[in-house]
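The values are calculated or read from the model by the stated rules, or taken from the named source; none is laboratory data. All values reported here derive from a predicted model rather than from experimental measurement. Positions of Cβ are generated from backbone atoms using ideal geometry, with glycine treated the same way; all protein chains shown enter the neighbour counts.
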Amino acid sequence: MSTAIETSIRRRDLVFGIAFITRLLLFQFSEVTDILASRVEVVTPITSFTRLTEGLYLFQNGVPPYDGGVFHQAPLLLAFFQPLSYLPDQFTSLIYILIDLLLAYLLSQISRIKQQLYKDLPRVDDIELIDDNKNEEEESSWVVAGLYLFNPFTIATCLSKSTITFTNLSIALGTFYSLKGNKIHGCFWIAMATYLSFYPLMLIIPITMLLVNSGKIMSRTPPQQESFSSSSSKSITISKKIEIAQCIILYIGWLAVLLLLSFILVESWDFLEATYGVILLLPDLTPNIGGIMAVFKSYPSIGDASFYLGFLPIYSEIVKYMRYNFFTTNIFLYSSLLAPIFYHLWIYAGSGNANFFYAITLVYSVGNIILLVDATFAMLRREFDVWNPKLRYCEVTQR
Amino acid sequence: MQQYSVRELHLTFTQGRWEYDKWGYPLSSSAGTGVELWAWLWKNENLDDNWKSLTNALSGLFCASLNFIDETKTVQPQLSFRPEGPYNDTELYDSAELRTGSLPHENVCTENLTPWIKLLPCKSTAGIASLVNGHELYNSNFHSMSINVRPVCQDSECTHQQLEILQTLSTVINPVRNKGVRDWSLSELYNRKILRVCPLANESNLLLIIPEEGDFEIIPEADQVIKGETINQNIAIYDLKKDPHNLQLSMKWNETQFTYDNQVILPQVFAHRYFSGYGEERGGIKVNIFNKSPDLTIPIIYYDVIPWYLKLYLHTLKVRINGVEVNSKSKDYPIKDLYYQPAMDRSRPAVIEALIHLPSNSITTLSILFDKVFLKYTEHPPDANRGFDVGSAVITVVSNKKDNDDGEKTEEYGFKIESPIRIYTETLLVSLPTPDFSMPYNVITLTCTVLALFFGSMFNLLTRQFVGLLTLNDEKINEEKQDGNKDVDRRNEEAEK
């Protein structure tokens, strides 16, 4: 048994090692990174490393970086990259690689915590084997990390030095600490993610729910087993309300601290309009793979997709219930193949027009939507099976 | 001028491009293709309104689209375009501000010429102005007309100032193109004659720059011939006041054909600017600035206004001298002072102003990269695929001479060589990525369809419940299977689902 754990740990090291070396090697081909850093699918005006460099250059030369239409990223990124600008480029690359590895590690940790939490929950017993086996747990967690690390979208995002990596890292850290029940860190990282790219604002609700239940997912035991007296349940709701308030105050407090620090750094509030204003009002019309994703998030990139695709394998039991896996995979494959071609036809060759690229972004969005809807379906369908074990082999329909 | 509190005003209409490397420096102030306006306005709370009103007033006066010089085209240069009237630095910067704007796409034609002529005291009926003939003017290789209004001192202490209006008209006509020889006469060139002199004029002189030596003949003889500015040149002066009637000036060379010799004395400083890169996503601007002087390091001010729809990346600014890149930290870095204003989307252009010391006998190349911005489809002009014009860059040669020594001397001959020499580069045409203009229809319909797909299927899932359909047959199978307890079968069936 101990040897089994050892082999799985060795495998994990192998996965991380290979991921590290692949990235390090690819960073040596400057043509590859340059192309990726300029692809509209990979970087957007709010995550582009070129623009960050420009912002940093202006900042270092005494020109207010937000007094212009180029730089739309958070001021603390400037503070982070300023010392790096004195070091050789390799250090920046190294930091991006390490962040990616850290992200993968966090995902595997999240996966393990999730398995621990789900242990006591009812499950579809005969397909989902109860594995108290440490080895299995270890094994599936490095599979999660591996699937994230070797997703081509992740590699492309890392090589492009897109600053969305920092947002993703903050979200992963936020989730990780919330699962651990650490309010201060959990709220800090979600505040950081919000600060970096605004949209994680929405995450404060699920994170608060996680924190308030302090990592214990309310076991959905049938109601008759709940034997709370009315007075104790009341006191619980009050203490819960206090906890919710704590989370929200912590979140707002951290956010205020981050914004104040930024203000001290750049000595004006211009950055608010230049960052969040741009995210909300979309003055920069550089095409992106958004298409209709723009409705849910402005300036999406494959970095977003790579991150949530990284979370999918954590719920391996849901994936088993999904109906269109093959279809979605194909959509992702062919849209990532055709998008660069159509973009080239429009912008460089001049033989296509904007409709070409638009159409392929539409296909990509449809792929995302189908994946999302399918995952929701799978989750509901699985729950139905969990609660109705007798109907397992019947035709099931929706009413 | 008073209504809009204008201190000094310079307006130039230009068609064509002055070819510095062939023609040398222009004799009178010239500008880049299109219309250029710059003015010093007195500081007050309405300064920006005044500037707007000024452009609109001039627009009406000269039938030009000057009203299109809005805030996206207005610039306040820090180093270029110093006033040409008398000023002292502290007083000027406290009390006045500079505004400039240019329209490189503007076509200059007779509707602009007529108001210009109307400002002359005798219009085009007398004096040299009677040579102005729209047909011949717009048939020339280059022409530029300008109006310069500036204050001048009335006494030595400069306590009284008066406004001076200087109107210039430059045109480049090439008789060799028509005839193959370089003989010319005034009536041929302009198809007009000078019949009388304007009675209001104090002076009316016609100057002719001629080579010192050569086998040629000028009819009639000049009233006076003096030594020219540069070697091998004389200036012949004809005083129209003396002999106003019917001046039939012509010049004949004793030769049957003419070929250009390539040994023209080049100006010391000139420049070319062009785009680099391809595709409609990004590109670069390159400027080659030549210094032909064999031993002088010449300080210049480079001034370039790049419209906001080209997003400059200042960190990509590179300087090469004779093809060798110069590091910004090195001692030989020619940019001594750099003023950069980043562009704001839809509200102001990017401005680069740099004090550059051009090493002797060198080519200094500046290059910078930019991204092309995707415009809203309503922001494209009707001829979207023609592209957008980028105005000339201006190179001001910083002269070390005292302004007065030079200025006064030349002024008495009726024209003034501007003490700062300004060199204008080519205007550029950039094509931006264009959408398909019928796209809003596609986008609205298709996007809404996909959105409906999302919301429809999501609500479908969330609002409806799963139910098992129990039939008799199913129950039997169910029982059988439970009896058999075949895990494998079940799993397979589940997977199929």
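Keeping to region B:422-439, report how many residues are within 11 Å of chain A (Cβ to nearest Cβ) and either polar (S, T, N, Q) or not in a loop (DSSP other than H, G, I, E, B) (or both).
Number of matching residues: 4.
For region B:315-340, what are the residues that are surrounded by fewer than 20 Cβ atoms within 10 Å (Cβ to Cβ) and in contact (Cβ under 8 Å) with a residue 40 or more places away in the chain?
Those that are surrounded by fewer than 20 Cβ atoms within 10 Å (Cβ to Cβ) and in contact (Cβ under 8 Å) with a residue 40 or more places away in the chain: B:Thr316, B:Leu317, B:Lys318, B:Arg320, B:Ile321, B:Asn322, B:Gly323, B:Asp337, B:Tyr339.
Mind checking which strands (runs of 3 or more DSSP E) fall wholly inside region B:354-398 and carry at least 1 residues that are closer than 15 Å to B:Phe270 by Cβ and in contact with a Ser or Thr (Cβ under 6 Å, 6 or more places away or on another chain)?
B:394-397
Inspect region B:255-268 for any residue being at pLDDT 85 or above and in contact with a strand residue (DSSP E or B) (Cβ under 7 Å, 6 or more places away or on another chain) and give the result as yes or no.
Within region B:255-268, the first condition is being at pLDDT 85 or above, and the residues that meet it are none.
No - not one qualifying residue is present in region B:255-268.
Please go through (1) within 29 Å of the chain's Cα centre (by Cα); (2) assigned to a loop (DSSP other than H, G, I, E, B) for A:Asp67 and return the number of the only condition it doesn't satisfy.
Against the list (1) within 29 Å of the chain's Cα centre (by Cα); (2) assigned to a loop (DSSP other than H, G, I, E, B), A:Asp67 comes up short only on (1).
When you scan region A:10-44, how many residues do you find that are among the basic types (Lys, Arg), in a helix (DSSP H, G or I) and touching a residue at least 60 places away in the same chain (Cβ under 8 Å)?
3
Those residues that are assigned to a helix (DSSP H, G or I), aromatic (Phe, Trp, Tyr) and out of contact with any Ser or Thr (no Cβ under 7 Å at 6 or more places or on another chain), I need them from region A:77-118; list them, please.
Here is the first cut: in region A:77-118, the ones assigned to a helix (DSSP H, G or I) are A:77-84, A:89-118.
Within this subset, residues satisfying the condition of being aromatic (Phe, Trp, Tyr) are A:80-81, A:91, A:96, A:105, A:118.
If the condition is that a residue be assigned to a helix (DSSP H, G or I), aromatic (Phe, Trp, Tyr) and out of contact with any Ser or Thr (no Cβ under 7 Å at 6 or more places or on another chain), then A:Phe80, A:Phe81, A:Phe91, A:Tyr105, A:Tyr118 are the ones that fit.
Have a look at A:Ser306, A:Ser298, A:Ser335 and point out the one that is farther than 27 Å from A:Ile190 by Cβ, polar (S, T, N, Q) and buried (at least 20 other Cβ atoms within 10 Å of the Cβ).
On inspection, the qualifying residue turns out to be A:Ser335.
When you scan region A:146-158, do you find a residue that is of a type in the set (S, T, N, Q), surrounded by 24 or more Cβ atoms within 10 Å (Cβ to Cβ), within 27 Å of A:Thr329 (Cα to Cα) and modelled with pLDDT of 90 or more, even just one?
yes
Conditions first: (1) out of contact with any helix residue (DSSP H, G or I) (no Cβ under 7 Å at 6 or more places or on another chain); (2) within 11 Å of chain B (Cβ to nearest Cβ). A:Pro64 passes all but one, so which condition is the exception?
(1)
For region A:298-320, name all the residues that are among the hydroxyl-bearing types (Ser, Thr, Tyr), over 26 Å from A:Leu362 (Cα atoms) and within 14 Å of chain B (Cβ to nearest Cβ).
Scanning region A:298-320 gives a single hit, A:Ser316.
Look at region A:356-399 and say how many of its residues are touching a helix residue (DSSP H, G or I) at 6+ places or on another chain (Cβ under 9 Å), at the interface with chain B (Cβ under 7 Å from one of its Cβ atoms), more than 14 Å from B:Ser457 (Cα to Cα) and surrounded by fewer than 18 Cβ atoms within 10 Å (Cβ to Cβ).
3
Where in region B:1-99 are the helices (runs of 4 or more DSSP H), entirely inside, with at least 2 residues that are more than 25 Å from B:Leu355 (Cα to Cα)?
B:20-23, B:47-62
Filter region B:308-332 down to the residues that are hydroxyl-bearing (Ser, Thr, Tyr) and assigned to a loop (DSSP other than H, G, I, E, B), then identify the one that is farthest from the other protein chains (Cβ to nearest Cβ).
Going residue by residue through region B:308-332, those that are hydroxyl-bearing (Ser, Thr, Tyr) are B:309, B:313, B:316, B:328, B:330.
With assigned to a loop (DSSP other than H, G, I, E, B) added as a condition, the list becomes B:309, B:328, B:330.
Details: B:Tyr309: 10, B:Ser328: 10, B:Ser330: 17 Å.
Result: B:Ser330.
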